[in-house]
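The values are calculated or read from the model by the stated rules, or taken from the named source; none is laboratory data. Here the structure is a predicted model, which means the values were calculated and not measured. Cβ atoms come from the backbone with ideal geometry, glycine included; neighbour counts cover every protein chain shown.
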Amino acid sequence: MIKKIFILIFLTFINLENSYSKSPPPGTGTSNIPANILIMLDNSGSMSWDINGRTINSWNTIVRSPVDVSTDSKGNVYSMSWSDRKIRVFDSNGNYTKEIGGGYGFGCNQWIYAYHLDIQNDQIYIYDYYNTTIKVINLSGNCIKTKSFGGSWQGAGIAVSNNHVYVSGWYHSHIRILDKNLNQVNLYSGYPTYYGIKGIDVNSNGTKLAAASSLNNIKVFNISGSNLSLTQTFGSYGTGNSQFNYPSDVSFDSSDNMYVADLYNHRLVKYNSSGVYQSKYGSLNYNSNPFRYPYGVGISSADKIYVADYSQTSIQQFSTGLSYIGKIGVAKSRMSIAKEAIKRIVSDPQLKSGANFGLMEWGFYWGNYLKLRVPISSNGASTIYTDVDGVVANGGTYLLQAMNYARNYWNGNLTQGGTRYPSPIIPGATCQLNFNILISDGQWNSHSSAMGVVRDLKNRLNVKTFAVGLGIGTGNRSNYDSLATNGGTVKALYASSAADLLVAIKDAVDQAISSTLTFTTPAVMPEKNKGGFIYQSTFKYEKNKEWEGSLKKYYLNTDGTFGNEKWDAATQLNKTSPNSRKIWTAGIGVKNTNNFTTSNRGILKRKLFPLKNSPTDAETDNLINFIRGFDSYDYDNDNNTTEVRSSKLADIYHSDLIVVSKPEAPTANTGNSNFEKTDAFYRNNTSTPYNNFKNSSECGGSCNSRTEVVIAGANSGILHAFNSNTGDELWGYIPPNIIGKLSSIVTTKVNSTNPIYGVDGSPVVKDIFFDDTPNNGANDPRWRTILISGLGAGGNGYFALDITDINNPKHLFAIENDTYNKQVNHWDSDENISSYFYSGNSNPPSIYDYSKLGASWSTPRIIRIKINGADRWVAVFGGGYNSAVSPEYGSAIFIMDLENQGRLLKKIDIQDKQIAYHSYVFSVNKGVKEFQLSQYGLSSYDTNYQKLIVSGPGGIAFGITQDINGTTATNVKIILEQELPNNTQFNVTKAYKADIVNSLPSDLTVITADGTSKANYDGALVYAGDLEGKVTKVNLTESFILGSDDMINKNISTTTIFDAQANTDNGRYIYNSLEATINSDNNLWLYFGTGDTQKLQSQSSQVKNRVFGIKDKDFPNFANISSAGTYSNCSSSGCPNSSQLGWYVDLDKAKKVTAKATVDKDRVYFPIYEPSSSSTPCNTGTAFLHAYDTKCGGLKANFPINLGEGVAGEVVISGDNLYIGISGEANKSLKSKDSLITLKSEAQSASSAVQLESWKENY
């Protein structure tokens, strides 16, 4: 199955219009300058109120006397109140969303006395014991059905499974079993078994029922159909670990552990599935901590534990280990909501790449109430991420003065604290877009005068203003609408919740960056010749529509130039009826290769619209049909939404193509001394030799004649498989970890959709030997062809398929790090989903702890390592991209167990080399709301070079006040939004302002015995470049042992072998993987360059990128090193001397390396981008090809070569031909076709390239 076909993914960019909701790729077009965005955050006193305009204090809570709590399929939390007979609803992050229920009464959505509720299939079941009535309402509080019963039915608890409804009788000593039509099908009664039962719960698979009895015990029943059988009883009266004082409720988690609300002992107690005590939390507490009369317990599908704390009027949240997370029902301030939304925006990779951000706070017009906190810059987003926490709500709403202040900044006339701030507007850059995004919750005076300033900003400085109103009633919106109109953004945006605000600000930023043309590096992939074919992927884009993809197969001429086109997959797909396509997904309960259809809308509805309470059938059908290829959103404006779209294939953007044919991995003896360490040796020595598999019929037929396919991910959310001979689509797969993002395609703008990132990562395929039926109770490994891919810019997740039978692929597993809901989702081989949340001190189980996973840009590498003395197939990949903003994600390497459904074997944290001037660690007492940092040693800091990073207060929002004199901050105070619920340890770090927030977005360089005869070891040595410009070496050559948690039970050795001394000023980020070779000196050399590929047009004189050639003097051994050594500057001197470990070359004129380096015998090629000069900032920059001597770093003769306009991709070598894709117009003096350039190699034999373990070696 080795891919011997020469593949070129070359992205052709056709500029149809100059406005996009997804930033098109860096380097071509009328402008590649990021938009300037100044966020203007209102700090008025009313921003300390909750979203409904109420002051926040200990007695003003949203929850009222809660008696029970439950969750829906999205993790939203429903708190049932005793006092006013209402249900308050919160999202999974604890943000209040709405109130449902009709209050006291006899109507269908009303009740008199109800102790418990349950939610099943997103329907709410309530038992009103006063009038013995079951009420069933939907998630909006509207009536579905109700049924009343006689007095003998008086009960308390209610629990619902897929098939039955269970009601406990309390005083009447019974449990009744009803069908879903609420008809009784069975009754169990009698003292003492059924006496005094209040809270009941059914486990997730409907096989057990647990009941909390006022006899101070817990009873567990087995369920068989409509029958119950008592299997265990535990507990007695008292305060011991297995004793109770009136248990009022009990609930199961996903592992059938039981959690008991021990009412009069004021605690929550955990027992395992056998009723054995595990842990407890709480005691009687009058100081706002858990608990005072915990009444009900609810557990989400992600195993978030919620307790209705009756007298504390709140919902308390815990982990499964009973670590306290915090309260739900304590209102968040408008300021807290705004800060959260701003953090989400500036850490969004898609948005950050298209804009430079700054932050200003405004309120009163004197002192620190009005100031520029963060100037607009390419590093503004990462500074804002921590700095915004310092804003305190305590001012007025003086808009006129605020707009004048902003105008002074845009004009370059702002002096603050003795520092004069230059305008962020690039002189002469008429293409640059500039925006204010003003966030406020109040009404301001001097409106007419303020609008004069707003108009002047728009007309004279080309700075438009968005107006975002937070908690603004419909009767108070005229000023905001006027502000938007005068600011040139036409329509104000409004938000009445945290989710609304996030959407509103994102909408504003989307519009702000929509006219920038930034284009990403085309991916040109090296392959071997097979029958003289080339595959070329292109796309074109236009405003407010899905970008149109194309995938062509060309004949390759003998001289290396393009021949005729054989087929275009887009053309073939357009000939196919949408209803004839095979499009499938996993995790919906229907398993076939065409289950993504409107006939499954009932299941797909909740998956497609996870953020919408009640999506309609029509909305669901429209989205399904659009993805299949219908014009559901009327692109052509002909009022026909049932016709077929003109183009069905979306853009193939960052996803590398891969060709999969018959199994043909090598098994022959290489004759090298390390042969027994290679995959070829392994293939001959499995219990079923690989050659048997090659000649078998396990591929849905003969493996020797398996259909050859081309597989690629597209940004419709589909992974496509095309027949390589005809170009016809065999099937399209929608991974379960992308399906919830597809609804973002839908927009309120008519005749339009939002282009999105979908399956944007690169698939990897390999034949591996493992047990692919882990749940059948037998150890029966066999050879399978598996595919694994990340989502790339589409999300934080990976998925795997079994494609042994290419016509009938099978889901293996998928994982996702849902950073918004703070939970890890895992889909197993049976397509069941398990969710594990993380927050504060709570983490997912170690084998599912992907909570540090960022955007999955890093392509996985499939290798064997030794575990428990045996070979184990694993995937290794970098932690992903965090926008250089969010320190919580990305700075790690993951080792995933491919033989155990994607579970984690090890997370290797990679150092974030934060330059800390000092860290202050101290404890603050419970009940404190504000404190001076000087009492803990921090009396001042320099705001010009330093920033404060505060950790410790958990989910409690805070602000920082300080006095500024010049650049010195003194009298620094932390003001918390709420009193501390416990004694709390804080860590305040005084850090270097230009530090890079580290992550690993690049592919790893993995060297195994298959790559070089020098690698006489098992496993691999891994080299990882990161955003901080470091290269880390990781030792996976040891034989590892699994601990009791099924994780590798030791720290894996790592060492930093190189440091580019990167910071946000010099811009030496490593985004691309490292090229490796064994040079003529018999050393392993690594080649790479630096540059911010997300801000290619940055022309700052501080940008100082380099290209590097470094050697690992210890290879093939591993050794910890304390110093990375010295390197020769080949910009000014010759070859490295014997004590130096390599060379580097300085790049001038803010140049940036745009793709992976390529070794060609005695030279190494670097594609480099030079932005246009400051005198012509709106012009497209130039692509150059540099070639340097592999050992000495000297520039080779006839280089650099001017390739043309735009961005160059990786150099592809085939024979003596070089292929380079360019995103703009190629230099007319060079041989090119469709912006693909062909050059002849002049390299001389000098080195032996290492065969890297990567997507190129997929067997």
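Selection of segment 1077-1101 for residues being assigned to a loop (DSSP other than H, G, I, E, B) and within 17 Å of TYR1188 (Cβ to Cβ) yields ASN1079, SER1080, ASP1081, ASN1083, THR1090, GLY1091.
Among the residues of segment 390-443, just one is charged (D, E, K, R) and buried (at least 20 other Cβ atoms within 10 Å of the Cβ), namely ASP441. Note on segment 924-999: enclosed strands (runs of 3 or more DSSP E) holding 3 or more residues that are closer than 18 Å to LYS371 by Cα are 946-951, 958-965, 968-976. Within the set ASP634, ASP638, the sole residue that is surrounded by fewer than 23 Cβ atoms within 10 Å (Cβ to Cβ), at positive phi, in a loop (DSSP other than H, G, I, E, B) and acidic (Asp, Glu) turns out to be ASP634.
Of all residue pairs spaced 6 or more apart or on separate chains, those with beta-carbon atoms under 6 Å, a first member in segment 1059-1079 that is within 12 Å of GLN1102 (Cβ to Cβ) and a second member that is among the hydroxyl-bearing types (Ser, Thr, Tyr) are ARG1068/THR1090.
Take SER829 and tell me if it is assigned to a strand (DSSP E or B) and among the small types (Gly, Ala, Ser). In short, no. Restricting attention to segment 850-862, the residues that are surrounded by fewer than 24 Cβ atoms within 10 Å (Cβ to Cβ) and over 14 Å from the mean Cα position of the chain (by Cα) total 0. State whether one or more residues within segment 346-363 are of a type in the set (S, T, N, Q), modelled with pLDDT of 90 or more and either over 21 Å from the mean Cα position of the chain (by Cα) or assigned by TED's automatic domain parsing to the domain that holds GLY452 (or both). So far as segment 346-363 goes, yes, one or more of its residues are of a type in the set (S, T, N, Q), modelled with pLDDT of 90 or more and either over 21 Å from the mean Cα position of the chain (by Cα) or assigned by TED's automatic domain parsing to the domain that holds GLY452 (or both).
When LEU1230 is tested against (1) under 26 Å from ASP1003 (Cβ atoms); (2) at pLDDT 90 or above, exactly one condition is not met: (1).
I'd like the full set of residues that are closer than 16 Å to ILE738 by Cβ and in a strand (DSSP E or B), limited to segment 813-823. Explain how you work it out, then say what you get.
Of the residues in segment 813-823, the ones closer than 16 Å to ILE738 by Cβ are 813-821.
Once the filter is applied, which keeps residues that are closer than 16 Å to ILE738 by Cβ and in a strand (DSSP E or B), segment 813-823 yields PHE813, ALA814, ILE815, GLU816, ASN817, ASP818.
The rows are residues; the columns are (1) under 28 Å from PHE244 (Cβ atoms); (2) touching a helix residue (DSSP H, G or I) at 6+ places or on another chain (Cβ under 7 Å); (3) in a strand (DSSP E or B); (4) not assigned by TED's automatic domain parsing to the domain that holds VAL297.
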| site | (1), (2), (3), (4) |
| --- | --- |
| ILE126 | yes, no, yes, no |
| ILE134 | yes, no, yes, no |
| THR146 | no, no, yes, no |
| ALA156 | yes, yes, no, no |
| ILE175 | yes, no, yes, no |
| LEU182 | no, no, no, no |
| LYS198 | yes, yes, yes, no |
| ALA211 | yes, no, yes, no |
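Selection of segment 800-817 for residues being surrounded by 23 or more Cβ atoms within 10 Å (Cβ to Cβ) and acidic (Asp, Glu) yields only GLU816.
Looking at the structure I just gave you, is LYS913 surrounded by 13 or more Cβ atoms within 10 Å (Cβ to Cβ), out of contact with any helix residue (DSSP H, G or I) (no Cβ under 7 Å at 6 or more places or on another chain) and outside any strand (DSSP E or B)? So LYS913 fits the description; yes.
Keeping to segment 447-483, report how many residues are small (Gly, Ala, Ser) and modelled with pLDDT of 95 or more.
Initially, segment 447-483 is screened for residues small (Gly, Ala, Ser), giving 448-450, 452, 467, 469, 471, 473, 475, 478, 482.
With the extra rule that they be modelled with pLDDT of 95 or more, the set shrinks to 448-450, 452, 482.
Going through segment 447-483 one residue at a time, the tally reaches 5.
Restricting the search to segment 320-341, which residues are among the β-branched types (Val, Ile, Thr) and more than 25 Å from the chain's Cα centre (by Cα)? Of everything in segment 320-341, just one residue is among the β-branched types (Val, Ile, Thr) and more than 25 Å from the chain's Cα centre (by Cα), namely VAL330. Looking across segment 365-398, the residues that are in a helix (DSSP H, G or I), touching a helix residue (DSSP H, G or I) at 6+ places or on another chain (Cβ under 9 Å) and either hydrophobic (A, V, I, L, M, F, W, C) or over 16 Å from ALA991 (Cα atoms) (or both) come down to ALA381, ILE384, VAL388. Against the list (1) within 29 Å of ILE583 (Cβ to Cβ); (2) modelled with pLDDT under 95, the condition SER886 fails is (1).
Across segment 760-785, the number of residues qualifying as out of contact with any helix residue (DSSP H, G or I) (no Cβ under 6 Å at 6 or more places or on another chain), modelled with pLDDT of 85 or more and of a type in the set (A, V, I, L, M, F, W, C) comes to 4. Can you pull out every residue in segment 756-806 that is of a type in the set (A, V, I, L, M), part of a loop (DSSP other than H, G, I, E, B) and within 18 Å of THR686 (Cα to Cα)? Selection gives ALA778 alone.
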